[in-house]
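See structure below.
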Amino acid sequence: MEKGIVIKSTGSWYQVKTGDGAVWQCRIVGKFRLEGIRITNPVAVGDEVEMTPENADEKQGLITGILPRKNYVARQSPRAKHDLHLLASNIDQALLVTTIVQPNLKLGFIDRFLLMTEPQNIPAIIVFNKIDVYDEDTLELAEALCGIYESIGYTALTASARTGQGVDKLRELLKDKTTLISGQSGVGKSTLVNRIQPNLALKTQELSDYSGKGLHTTTFAAMHTLDFGGAIIDTPGIKLLAFNNLQPADVAHNFREFLRSPKIADSEAVACTATNPAAPSKKP
């Protein structure tokens, strides 16, 4: 029996990297559950697992056990609403790539993403991408939103995958850490990752001309080593983000600003509304 880390999940097969650097193609043996909840993918990228070789010559094996996780990120399965879907585990931080235009910003999506990371005490970074196409008002809104999220303890910044603006700062934040990178389809996540680590050459795709929404370019979750230290876990773009494992009290408890002074919360809401009168309120 050997131990390794899951570096890619394709649904039925998992790539497991062992201590000697070898990568094994593995299947699952047995059933695994998450805190008594049904999950559609019992093993996630980032999991430390026990693996038994099945065909040593072809580097095929069986995952027979999952070591205790220090944390995990999960959401409601898009196909089975009563099940959870694991995005990643054992991460140091999570990076959400979003944008205000192309596609249009949905503040509620940012809040839902934070509801995945906050219960696990996972630090989150919010990146407003595509600032090269922002006009003056949109750029002002992005800077105001960065200020709001930073005021409640999150790291927030603007960037452009096309021009490279903000990429050096992102490299500093990612260095020597394992980071989940996620975002809605079409926000430029893969393009931004390619800027950060050019030799990955992740596939990219333009927005749909018909719907104006993003198209999936990342098909499976995968871990990539960064040349400057650390690793990223790239995940498919998310179109729908929902939860079936949280109670109303969990939602309230995991909004940081709910625990802050009402005066501070009110001032932040006013700042957001003044910058963008049509901006939606912060609701999950």
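Odds and ends about this structure:
- Translational diffusion of segment 8-139, estimated by Stokes-Einstein from the Kirkwood radius over alpha carbon pairs at 25 °C in a medium of 0.890 mPa s, is 144 µm² per second.
- Structural size metrics of segment 66-126, computed from C-alpha coordinates, are Rg and Dmax of 13.0, 41 Å.
- With neighbour counts taken as other beta-carbon atoms within 10 Å, the residues Glu54, Glu172 rank, fewest first, as Glu172, Glu54.
- Other-chain or far-sequence residues with amide H under 5 Å of Arg38's (modelled H): Leu84
- Annotation: the residues Thr117, Thr191, Thr40, sorted from fewest to most other C-beta atoms within 10 Å of their own C-beta, follow the order Thr40, Thr191, Thr117.
- Residues in segment 120-136 carry Karplus couplings, in order, of 9, 6, 9, x, 10, 10, 10, 10, 8, 8, 6, 5, 5, 10, 6, 8, 4 Hz; the curve used is 6.51 cos²θ - 1.76 cosθ + 1.60 with θ = phi - 60°, and Gly or Pro positions show x.
- Expressed in units of 2.2 N^0.38 Å, where N is the residue count, the Cα radius of gyration of segment 1-71 is 1.03.
- Computed over segment 2-66: relative contact order in percent, which uses C-alpha pairs under 8 Å that are six or more apart: 35 percent
- Along principal axes, Cα extents of segment 93-234, largest first, whole Å: 37, 35, 26
- The simple Förster model, with R0 at 35 Å and r as the Cβ-Cβ distance, assigns Asp176 and Asp135 a FRET efficiency of 0.40.
Values quoted throughout were computed directly from the atomic coordinates according to the rules given, and no laboratory measurement underlies them. Bear in mind the structure is a predicted one, so any value in this text is a computation, not a measurement. A quick note on method: Cβ atoms are made from the backbone with ideal geometry, for glycine too, and the neighbour counts reach across all protein chains shown.
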